[in-house]
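Presented below is the structure to which this report refers.
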Amino acid sequence: MNASAPLGLSRRRLLLAGLAGLALPRTGLTQGFAGLGTTAEGFSVPAPGRPFLFPRDHGAHPDFRIEWWYLTANLEGPDGTPYGVQWTLFRSALAPREAEGWQSPQIWLGHAAITTRETQFVSERLSRGGIGQAGVTAAPFAAWIDDWRLARRADAPQSTDQLAHVTLQASGAAFSYDLSLTATGPLVPQGQNGYSVKSAAGQASFYYSQPFYRVEGRLTLPSGPVTVTGQAWLDREWSSQPLASDQTGWDWFSLHFTSGEKLMGFRLRDGGAGYTSATWIAADGTPTPLAAGALSVSPLGQSPVAGRDVPTRWQVRLADRGLDIVTEPLNPQAWMATRTPYWEGPIFFSGSHEGRGYLEMTGY
């Protein structure tokens, strides 16, 4: 078949679904969760000592196999009702290059969700690269799949970072959101100056965050529109083999403390004690990477979710900072029923520190 020849709509859908199945497998525990432990096979791999280059690194890195633009938001309505919002664009490559049209080896996948106390609203989009339906530009910044879009605001000051003032839109069968985000702090490198190690064997990614967004906008739900305000966290990460082959999933926390400080922490599960990593972020944005194993996360309670038991209540400890908290979900049923399903939702926490954040759990 000539890959650049026009295809009928049904044939395009079949081709897209088949390629996405190769790029983003549903399972693959012998190759890490969702195949993310598969060998790099000619793709570039992260190495320490590479500085971030902005705005270029806000864009895509087609020589790496997997990449994402991942935003979560803790929001409130006028009456104090809490909500959560997720927006994610994934890029997965079949080959370490870029090309135009149907020759492009890039697969794009979008996830959008709104979490309420009662319901998890979820939608998913899938597209090929090279044909204009999905992609990312670094400057002016825009990340999109169909009509879902995270992009620099038209009225953004020229002197600021491309991610400092953005808008966010997405919709599903029963929901939509339209939000405006303004950064009140700097971009934050995770790990050692952006080199984030994921296993004792040395698998790693390039990883930075914008955890200081203030948010305002509107959600549209079956019950009607809701004006919301709150805070959001954007993660940017790319790699070619981010997991070891025996790592079956992860538990990832982004925490906003009432003091203005932040914490990013994760545990990657491998059948044993697992591998943990964390970054403490001061209120002014100064990051302090913590040694592997410094963070302790322990499940305290499970919930029956989508036919399985999922730990939705956690104890999180970090002795270096006197942190000892218990997290509670806004909605224990915050299940992302997507091609590769996982749990993702807003959380509240109390104990030595108080605040709110987001929890993502895969591989359950």
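The values are calculated or read from the model by the stated rules, or taken from the named source; none is laboratory data. Bear in mind that the values here come from a model prediction, so they are computed numbers and not experimental data. As a convention, Cβ positions derive from the backbone with ideal geometry for all residues, glycine included, and neighbour counts pool all protein chains shown.
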Notebook entry, point to check: Among the residues of the stretch 310-318, is any free of Cβ contacts under 8 Å to residues at least 40 places away in the same chain, of a type in the set (A, V, I, L, M) and closer than 16 Å to TRP250 by Cα?
Noted result: no
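For every residue, the table says whether it meets (1) of a type in the set (S, T, N, Q); (2) at pLDDT 95 or above; (3) buried (at least 20 other Cβ atoms within 10 Å of the Cβ); (4) closer than 27 Å to SER240 by Cα.
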residue	(1), (2), (3), (4)
LEU71	no, yes, yes, yes
ILE114	no, yes, yes, no
ARG152	no, yes, yes, no
THR184	yes, yes, no, no
Notebook entry, point to check: Among the listed residues THR81, THR38, which satisfies the condition of being β-branched (Val, Ile, Thr), modelled with pLDDT under 95 and surrounded by 12 or more Cβ atoms within 10 Å (Cβ to Cβ)?
Noted result: THR38
Checklist line | Long-range neighbours under 6 Å by Cβ, at least six apart or interchain, first residue touching a residue at least 60 places away in the same chain (Cβ under 8 Å) and of a type in the set (Asp, Glu) within the stretch 68-94, second in a strand (DSSP E or B) and surrounded by 22 or more Cβ atoms within 10 Å (Cβ to Cβ) | finding: GLU76/GLY230
Next item on the list: Could you grab the pairs with beta carbons closer than 9 Å, sequence gap of 6+ or different chains, first residue in the stretch 98-109 and on the phi > 0 side of the Ramachandran plot, second one modelled with pLDDT under 90 and among the β-branched types (Val, Ile, Thr)?
Entry: GLY101/ILE131
Next item on the list: Determine which single condition ALA95 fails, assuming it passes every other condition in (1) over 17 Å from SER127 (Cα atoms); (2) at pLDDT below 95.
Entry: (1)
Checklist line | Cross-chain or 6+ apart pairs with Cβ under 7 Å, the stretch 245-268 first and under 28 Å from THR184 (Cα atoms), then basic (Lys, Arg) | finding: ASP251/ARG267; LEU255/LYS262; HIS256/LYS262; HIS256/ARG356
Item checked: Given (1) surrounded by fewer than 22 Cβ atoms within 10 Å (Cβ to Cβ); (2) in a strand (DSSP E or B); (3) not β-branched (Val, Ile, Thr), index of the condition ALA201 fails -> (2)
Next item on the list: Looking at (1) crowded, with 21+ Cβ neighbours inside 10 Å; (2) modelled with pLDDT of 95 or more; (3) in contact with a Pro (Cβ under 9 Å, 6 or more places away or on another chain), find the lone condition where GLN106 falls short.
Entry: (2)
Item checked: Search result, residues across the stretch 279-318 that are in contact with a strand residue (DSSP E or B) (Cβ under 6 Å, 6 or more places away or on another chain), under 23 Å from THR340 (Cα atoms) and among the small types (Gly, Ala, Ser) -> SER303, ALA306
Notebook entry, point to check: Can you tell me how many residues in the stretch 307-342 are aliphatic (A, V, I, L, M) and assigned to a strand (DSSP E or B)?
Noted result: 7
Next item on the list: State whether one or more residues within the stretch 344-354 are part of a strand (DSSP E or B), surrounded by 16 or more Cβ atoms within 10 Å (Cβ to Cβ), among the aliphatic types (A, V, I, L, M) and under 15 Å from the mean Cα position of the chain (by Cα).
Entry: no
Next item on the list: Could you please let me know if TRP250 is surrounded by 19 or more Cβ atoms within 10 Å (Cβ to Cβ), at pLDDT below 95 and among the aromatic types (Phe, Trp, Tyr)?
Entry: yes
